[in-house]
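**Q** Have a look at this one.
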Amino acid sequence: MVNNTYNYLLSDLKKLKGVGQKTYNILKKKKINNIFDLLWRLPKSYTDRSKSTKIEDLKIGEEQTVILTPLKYNFPRIRNLPNRIYCKDDTGELDCVFFNSYEGYIKKILPLNKEVTVSGKVGIFKNKYQITNPKYVSEDSTLIKDKYNKYSLTEGISEKVYNKIINQILINLPILEEWHNNKILRKFDNISWNKAIIELHKPDNVGKYNSNFYRRLAYDEILSTFLAHSEIRQNIKKIKKQKKFFDITHQNKILENLDFKLTGDQEKTLNEINNDLQSDQKMFRLLQGDVGSGKTIVALCAAINTVNSGFQVAVMAPTEILARQHFNFAKKIFDKKINLEILSSKSEYKEKKIIKEKLENNQINIIFGTHAIFQKKIIFKKLGLIIIDEQHKFGVNQRKKLSDKGGDNCDVLLMSATPIPRTLTMTIYGDMDLSIIKEKPKARKEVKTYSKLETKIDEILKFIEKEINNNNQIFWVCSLIEESKKLDHTSAVQKFEYLQKKFPNQVALLHGKTEPEEKEIILKDFLNQKTKILVSTTIIEVGIDFPNANVIIIENANKFGLSQLHQLRGRVGRGEKQSTCILLFKSSLTENAKKRLNILKSSTDGFVISEEDMKLRGFGDILGFKQSGIKIFRLADPVHNEDLFKLAEIEIKEMEKNNISLNKYRTLMKLYDQADVINDII
Ligand code: ADP
Ligand code: MG
């Protein structure tokens, strides 16, 4: 039966005593679907009801316990007026007030002239202390002597009920067979999973992040994620594919004709990719590198090698403009014999039909486009490589589907311009092999970064005017206003109207509500320098090259994380000219804000910046990962538990080396919701 003991944890909430339909619905809304989910709603603090306070010593607004004698009931017959019970102790008077409670119930819990213990938040009404809807009432003062956990999400569920539910689970907690080996367990003082959970919910243990029980549970979580990734990676590796044979001289000829030389990191990553192409294992690789680190040429070299080995390549970009930029670059550097095509949503039906036929007949070597190139109707004769640019919104499951898409012989290369800390990369992209470009192309002018108060806008307008007169272009980025979960574009719209008065016919506006087709036109006009200032929210794709734009102004800069500011700044500085980034602030900077800004001003390395950003803001906040739907850990924290991430990485490597079966970890993975990722495996 041992195998099944975890089933209790995965069972429905209705199984619990005290969970009626109402509580059930509230919990469901909070995405608490089973008993296991409930374990991770941790107490935020606790109420100590073991000490009672005399009425004269009560503090208004605090949860306190008082020993009282009820003297008189007042049950008004008027609707909406509460029932009131006058009580006293030897130092003063206090009313217990009940809304929506029956007289019978009140008489039972607060019998007249008998000492009772009452606990709740103390308020004041008409100069008299009162406790409204007391949370605990007991005739026997010794009954209320425990400390009770306060949970943060008990909205609609009383603290008492919530504690009762949790205590019930803790009592019934199954004894799970240990999945860790002794060496790992020793690092956590041999604490078992069960014991750790119980410790986690003890009122005195609130916030003990460095304790063994907390760290063990955090490690469980990290390891289960890594195990799932490892399993996916290994299964993809097991796929035997046709090796790609190609002559490297084609690639080298292209490189010789460029007006730059590859950086060391570009060469290194290209080699890693080429080795994958030539091996009989399917490639599933992430090429990660900061904006402007030169990923495109690396990917295109991989594309040409794939073509030279007789296969077709599909290059997918998030927007048509970006797809077209890649297409044009490829046309410029590749031999005319290579058949390139771009599939646009705007292409005529007839044109699309021809492209489709050509793809089916292997008459197109490389096709560029948006996700449209992966429609079911599109059939490739011999697809050998899928390249996906600027993605950071795919979850593990989506990536897995993608890797299946091209069939066994098709390698997959994803590109991400989002430098993130290593712990995060391992967490999010652990299912892929990694190639990282850290080194930037030399001879690139650094973007000058300044901060300014918004009140000095006249100086900025003068500066812009000068830049426009020099034939330069400007990005003006406004933050979104968040009002009760709704995102608002008014600041961008207002700035657009304001700037248009100053620079008539030279300003364009782009925000999240702009229709995709209109957006493409606006971006094209800006690219062709028809407009000079582009006011936008943060939606402009990072990948598009606007070589003529050399100024970026970011309003409300304190609203953005460092990584995001770095990404925004990366939109300029791609051409020959000196570029400028101006960060606008509404008020003078706090010490912390200054510290953050200095990091940004002193570094151009996205990896360093994101690492610092994560330390300052926490991991959920950086780059909007919270919003992206990528699962965030319940306890583990990539900053705080960096050592545990490293430990898990080492352990996984060892397991992969020694071919250790996942069976031992079955319970862990089932519980931690990783099993669905690799459902067919265990
Ligand atoms: P990203 O990694 O952001 O996709 P790109 O591939 O678009 O960067 O490269 C940005 C610009 O830098 C392009 O104009 C590209 O031609 C140029 N570039 C790429 N590699 C180098 C290099 N080694 N030296 C100089 N310029 C380079
Ligand atoms: Mg790019």
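The values are calculated or read from the model by the stated rules, or taken from the named source; none is laboratory data. These numbers come from a predicted model, not from an experiment. Cβ atoms come from the backbone with ideal geometry, glycine included; neighbour counts cover every protein chain shown. Just the protein is used for accessible areas: all its heavy atoms, side chains included, with ligands, DNA and RNA removed. Shrake-Rupley method; radii C 1.70, N 1.55, O 1.52, S 1.80 Å.
**Q** Kindly provide the set of residues from the range 451-464 that are assigned to a strand (DSSP E or B) and surrounded by 14 or more Cβ atoms within 10 Å (Cβ to Cβ), ordered by number. Spell out how you get there, then give the answer.
**A** Our first condition is that a residue be assigned to a strand (DSSP E or B); within the range 451-464, this holds for 451-453.
Scanning the range 451-464 gives Ser451, Lys452.
**Q** For the range 596-608, does any single residue satisfy the condition of being open to solvent by 10 Å² or more (accessible area, probe 1.4 Å), within 16 Å of ligand 2 (Cβ to nearest atom), in the same structural domain as Asn472 (by TED's automatic domain parsing) and at pLDDT 85 or above?
**A** Checked the range 596-608: no residue is open to solvent by 10 Å² or more (accessible area, probe 1.4 Å), within 16 Å of ligand 2 (Cβ to nearest atom), in the same structural domain as Asn472 (by TED's automatic domain parsing) and at pLDDT 85 or above.
**Q** Here's something else I'd like to know. Ala648 passes all but one of (1) modelled with pLDDT of 75 or more; (2) closer than 27 Å to Leu402 by Cα; (3) open to solvent by 10 Å² or more (accessible area, probe 1.4 Å); which number fails?
**A** (3)
**Q** Ok, one more. For the range 574-595, what are the residues that are open to solvent by 30 Å² or more (accessible area, probe 1.4 Å) and within 16 Å of ligand 1 (Cβ to nearest atom)? I'd like the intermediate steps shown before the answer.
**A** Restricting attention to the range 574-595, the residues satisfying the condition of being open to solvent by 30 Å² or more (accessible area, probe 1.4 Å) are 574, 576-578, 586-592, 594-595.
Listed by number, the residues that qualify are Arg574, Glu576, Lys577.
**Q** While we're on this one: Please indicate, with yes or no, whether at least one residue in the range 190-210 is over 31 Å from the mean Cα position of the chain (by Cα), part of a helix (DSSP H, G or I) and modelled with pLDDT of 95 or more.
**A** No, the conditions are met nowhere in the range 190-210.
**Q** Do we find that Phe36 is at pLDDT 90 or above, surrounded by 20 or more Cβ atoms within 10 Å (Cβ to Cβ) and among the aromatic types (Phe, Trp, Tyr) in this structure?
**A** Working: at pLDDT 90 or above: yes; surrounded by 20 or more Cβ atoms within 10 Å (Cβ to Cβ): no; among the aromatic types (Phe, Trp, Tyr): yes.
Here the answer is no, as Phe36 does not meet what is asked.
Residue by residue, here is whether (1) in contact with a Gly (Cβ under 6 Å, 6 or more places away or on another chain); (2) at pLDDT 85 or above; (3) open to solvent by less than 50 Å² (accessible area, probe 1.4 Å) holds:
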| site | (1), (2), (3) |
| --- | --- |
| Thr23 | no, yes, yes |
| Leu42 | no, no, yes |
| Ser50 | no, no, no |
| Lys54 | no, yes, no |
| Pro70 | no, yes, yes |
| Pro76 | no, yes, yes |
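**Q** For a quick check of your reading of the model, give me the residue pairs whose first member lies in the range 282-301 and is among the basic types (Lys, Arg), whose second is within 11 Å of ligand 1 (Cβ to nearest atom), with beta-carbon atoms closer than 8 Å and at least 6 apart or on different chains.
**A** Lys295/Leu287; Lys295/Gly289; Lys295/Asp389; Lys295/Met415; Lys295/Ala417; Lys295/Ile437
**Q** Can you name every residue in the range 276-301 that is assigned to a loop (DSSP other than H, G, I, E, B), open to solvent by 10 Å² or more (accessible area, probe 1.4 Å) and within 11 Å of ligand 1 (Cβ to nearest atom)?
**A** Result: Val291, Gly292, Gly294.
**Q** Looking only at the range 233-245, decide whether some residue is among the aliphatic types (A, V, I, L, M) and surrounded by 15 or more Cβ atoms within 10 Å (Cβ to Cβ).
**A** Here is the first cut: in the range 233-245, the residues among the aliphatic types (A, V, I, L, M) are 236, 239.
Those still in the list that are surrounded by 15 or more Cβ atoms within 10 Å (Cβ to Cβ) too: 236, 239.
So far as the range 233-245 goes, yes, one or more of its residues are among the aliphatic types (A, V, I, L, M) and surrounded by 15 or more Cβ atoms within 10 Å (Cβ to Cβ).
**Q** Further question: If I go through the range 256-276 residue by residue, how many of them are within 16 Å of ligand 2 (Cβ to nearest atom) and among the acidic types (Asp, Glu)?
**A** Residues that pass the stated criteria total 1.
**Q** If the requirement is being closer than 25 Å to Gly575 by Cα and open to solvent by 90 Å² or more (accessible area, probe 1.4 Å), which of these qualifies: Glu446, Glu439, Glu497, Glu518? Steps first, answer last, please.
**A** On the way: Glu439 fails: open to solvent by 90 Å² or more (accessible area, probe 1.4 Å); Glu497 fails: closer than 25 Å to Gly575 by Cα; Glu518 fails: closer than 25 Å to Gly575 by Cα.
From the options Glu446, Glu439, Glu497, Glu518, the qualifying one is Glu446.
**Q** Could you tell me whether the range 307-326 includes any residue that is among the basic types (Lys, Arg) and within 14 Å of ligand 2 (Cβ to nearest atom)? Spell out how you get there, then give the answer.
**A** In the first step, residues of the range 307-326 are kept if they are among the basic types (Lys, Arg); the result is 324.
With within 14 Å of ligand 2 (Cβ to nearest atom) added as a condition, the list becomes 324.
Scanning the range 307-326 turns up at least one residue that is among the basic types (Lys, Arg) and within 14 Å of ligand 2 (Cβ to nearest atom).
**Q** Within the range 280-306, which residues are under 16 Å from Phe368 (Cα atoms) and away from ligand 2 (no atom under 16 Å from the Cβ)?
**A** The answer is Ile304, Thr306.
**Q** Within the range 465-482, restricting attention to residues that are under 19 Å from Phe526 (Cβ atoms) and of a type in the set (Val, Ile, Thr), which residue is most open to solvent (accessible area, probe 1.4 Å)?
**A** It comes out as Ile468.
**Q** Without any contact (Cβ under 8 Å) to a residue 60 or more places away in the chain and under 28 Å from Glu221 (Cα atoms), is that true of Lys72? Break it down into steps so the answer makes sense when it comes.
**A** Numbers: without any contact (Cβ under 8 Å) to a residue 60 or more places away in the chain: yes; under 28 Å from Glu221 (Cα atoms): no.
Criteria not met by Lys72.
**Q** Moving on to the next point. Can you name the residue in the range 183-200 that is of a type outside the set (A, V, I, L, M, F, W, C) and over 20 Å from Asn641 (Cα atoms) and is also least open to solvent (accessible area, probe 1.4 Å) among such residues?
**A** First, the residues of the range 183-200 that are of a type outside the set (A, V, I, L, M, F, W, C): 183, 186-187, 189-190, 192, 194-195, 199.
Those left that are additionally over 20 Å from Asn641 (Cα atoms): 194-195.
Values: Asn194: 16, Lys195: 105 Å².
My answer is Asn194.
**Q** Tell me whether the range 248-259 contains one or more residues that are away from ligand 1 (no atom under 16 Å from the Cβ), open to solvent by less than 30 Å² (accessible area, probe 1.4 Å) and charged (D, E, K, R). Before the answer, list the steps.
**A** First pass over the range 248-259, keeping only residues away from ligand 1 (no atom under 16 Å from the Cβ): 248-250, 253.
From what is left, the residues that are open to solvent by less than 30 Å² (accessible area, probe 1.4 Å) are none.
The answer is no; no qualifying residue exists.
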